[in-house]
Amino acid sequence: MTELLITMAVSVILLAMAVPSMYEFVMRKRVQGAADELIGDLRFARSAQVRDNRDIAVKFGRTGSETCYVVYQPTSRLDCDCTATPVCESRGPASAIELKTVRLPISAGVKILPANGSDTKLVWDLVTGLAKDNVAINVEVLAASGGTVRITTSVTGRPQICSVSGHQGAYPACQTPTPSPS
């Protein structure tokens, strides 16, 4: 009986040590999955713009219970908003067309948020294929214990990903800006 109690005590101690690291592992994988999906969707949006020969937009949003983004074909007067239902405004043939919407409940622990006052909408121009008005986005995918990943686009709309927190082994560390000499 004593041996059984000692074995159970050792098992409980080992389990208590493993659970926190397993939780952090799961959260890192959730951050990585959300970041990889966003990168894929940004690439999809750019290729859809070329394929369909139409403007394509990606717009980010946030409510009290979720963060989200929508990939869509805008019209001159109609827009989409992932926080609304329905996502895209509809007025007959002039409707904006929703291509994909992703919603992440905040309760799941992972958020997708525009960073540092970045624009929340990126539109690729039909003629040039570049981001309209030279707008680039800066988005962070983060979790309290899973680290933070930054996704940025250039004016060409090409996404790049880096790890802000250093906890994401799958991504290179973000370059910190070099301070200017005084």
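Taken over segment 109-148, the alpha-carbon convex hull comes to 73 cubic angstrom per residue.
Which whole-number percent is the relative contact order of the chain (Cα, under 8 Å, 6+ apart)? Numbers along the way, then the final one.
On the way: 343 pairs, mean separation 34.9, N = 182.
About 19 percent, as a whole number.
Taking the chain as a Gaussian network, where each spring joins two C-alpha atoms under 10 Å apart, which residue of 99, 142, 15 fluctuates the most? Its mean-square fluctuation being the largest, the pick is 15. Binning all Cα-Cα separations of segment 44-105 at 10 Å, short to long from zero, yields these whole-percent fractions: 25, 51, 23, 2. Backbone phi angles across segment 3-18, fed through the Karplus curve with coefficients 6.51, -1.76 and 1.60 (θ = phi - 60°), yield HN-Hα couplings of 4, 5, 5, 5, 4, 5, 5, 5, 4, 5, 5, 5, 5, 5, 7, 7 Hz in residue order; Gly and Pro are listed as x. Size of segment 31-80: Rg and Dmax of its alpha carbons, in Å, are 12.3, 36.
About the Cα centre of the chain, how large is the charge dipole given +1 on each Lys and Arg Cβ and -1 on each Asp and Glu Cβ? Please answer in debye to the nearest 20. Display every interim value, and only then the final one.
Details: 18 positive and 16 negative charges, 52 e Å.
Computed charge dipole of the chain: roughly 240 debye.
In this view, the solvent-accessible surface of residue 17, computed with a 1.4 Å probe and all protein chains in place, comes to about 130 Å². All distinct Cα pairs of segment 89-138 go into the 1/r average, and the inverse of that average, the Kirkwood radius, is 13.8 Å.
Just so you know, the averaged projected area of the alpha carbon convex hull for segment 14-156 sits at 9.5 nm². Under conditions of 25 °C and 0.890 mPa s, segment 1-85 yields 145 µm² s⁻¹ as its translational diffusion coefficient, taking Rh as the Kirkwood radius over Cα pairs in the Stokes-Einstein equation.
Counted residue by residue at 0.36 nm each, then reduced by the alpha carbon distance between them, the extension gain from residue 18 to residue 54 reaches 7.9 nm.
The values are calculated or read from the model by the stated rules, or taken from the named source; none is laboratory data. It should be emphasised that the depicted structure is a prediction, and the values quoted were computed from it without experimental measurement. Methodologically, a virtual Cβ is constructed for each residue, glycine included, from the backbone with ideal geometry; neighbour enumeration extends over all protein chains shown. Areas reflect the complete protein model, heavy atoms only, side chains present, ligands, DNA and RNA absent. Shrake-Rupley method; radii C 1.70, N 1.55, O 1.52, S 1.80 Å.
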